[in-house]
Each structure stands twice: as structure tokens, then as C-alpha cells.
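Structure first, commentary second.
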Amino acid sequence: VQLQAFGGGLVQAGGSLRLSCAASARTFSRYVMGWFRQAPGKEREFVAAISRYGGRTYYADSVKGRFTISRDNAKNTAYLRMSSLKPEDTAVYYCAATTGDSPRYIEYEYDYWGQGTQVTVSS
């Protein structure tokens, strides 16, 4: 499956952005979807994940209460709504997919990755 993430940009602290991840898969609902991010000089880290039909979600502690992951299987698209953004949220954000059912937070469990979209939060 091919993934394309978009929707990043420059936003002031406290602002919001919505990232989208469009998938090429005909059976998008087969895949658990996740979002990861990588800040300059740091390792890539887990942000959020969602089960195949959206019934279960999982978040990193650093974004819990501020970010919301969702999906629309009819549109083959996953989303990451980011609110109350902080400068430390600045990173390249990647979407990823894997088969299975339960949301995953471990990077190597994901088989397919998008190209990333830059999010920059100014103070």
C-alpha cells in the first residue's frame, strides 16, 4: 500500500493543524494506521495509532488530550488533528500502516510508510 501524508505547515504556538494520510489500498480497512514524528537530531517517535475501524486509539503521553487520530475508510484516509500545538511538536510527521487489528506504537511493527510532512510550530 502507498501512503501520502500532507497538511503540514507553519503554525503559531497554540494553533491547530490537521494532517491527512491518503492510502492507495483498495481495502484500507485491513490496516491499522499510525502517526510518528521525527524532530531534528532526534529519533523517530510514536504519536498516535488507530484500529482498523476506528474503535480503538492509542496516543503518546506527550500528545494525549491535544491530538486526535481518526480515519474515514470510505475515503481511504487517516487524519491527525493537532491542537494546542507547542514548539516541541515541530517535526516531520509520518503516517504508517500495518495489517492486524490492535493499534501499534512500535515503529518496526509498521510495514508501510508515507514520505512525511513538515510541521513547524513557532513560539
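Note: the chain, Cα convex hull, 87 Å³ per residue. A simple rule links phi to the HN-Hα coupling: the Karplus curve 6.51 cos²θ - 1.76 cosθ + 1.60 with θ = phi - 60°, which for segment 9-24 gives x, 9, 9, 7, 4, x, x, 9, 8, 10, 8, 10, 9, 8, 10, 8 Hz, with x for Gly and Pro. Put simply, the amide H of A25, placed in the peptide plane, has neighbours under 5 Å in Q2, leaving out anything fewer than 5 places away on its chain. Solvent-accessible area per residue in the chain equals 51 Å², computed with a 1.4 angstrom probe and all protein chains kept.
Here the simple spin-label model places points 7 Å from the Cα toward Cβ, and for S70 and I106 these points are separated by 3.1 nm.
Diffusion coefficient of segment 1-69 by Stokes-Einstein, Kirkwood radius over Cα pairs, 4 °C, 1.567 mPa s: 95 µm²/s.
Pairs of C-alpha atoms in segment 51-98 farther apart than 13 Å represent 64 percent of all such pairs. Going Cα to Cα from K64, which aspartates and glutamates come in below 19 Å? Please leave out same-chain ones fewer than 8 positions away. Correct list for K64: E45, E88, D89, E107.
The values are calculated or read from the model by the stated rules, or taken from the named source; none is laboratory data. Just so it is clear, the structure is predicted and the values come from calculations on it, not from any experiment. So basically every Cβ, Gly included, is an ideal-geometry build from the backbone, and we count neighbours across all protein chains shown. The protein model used for the area step is the full one, side chains on, heavy atoms only, and it has no ligands, DNA or RNA in it. Shrake-Rupley method; radii C 1.70, N 1.55, O 1.52, S 1.80 Å.
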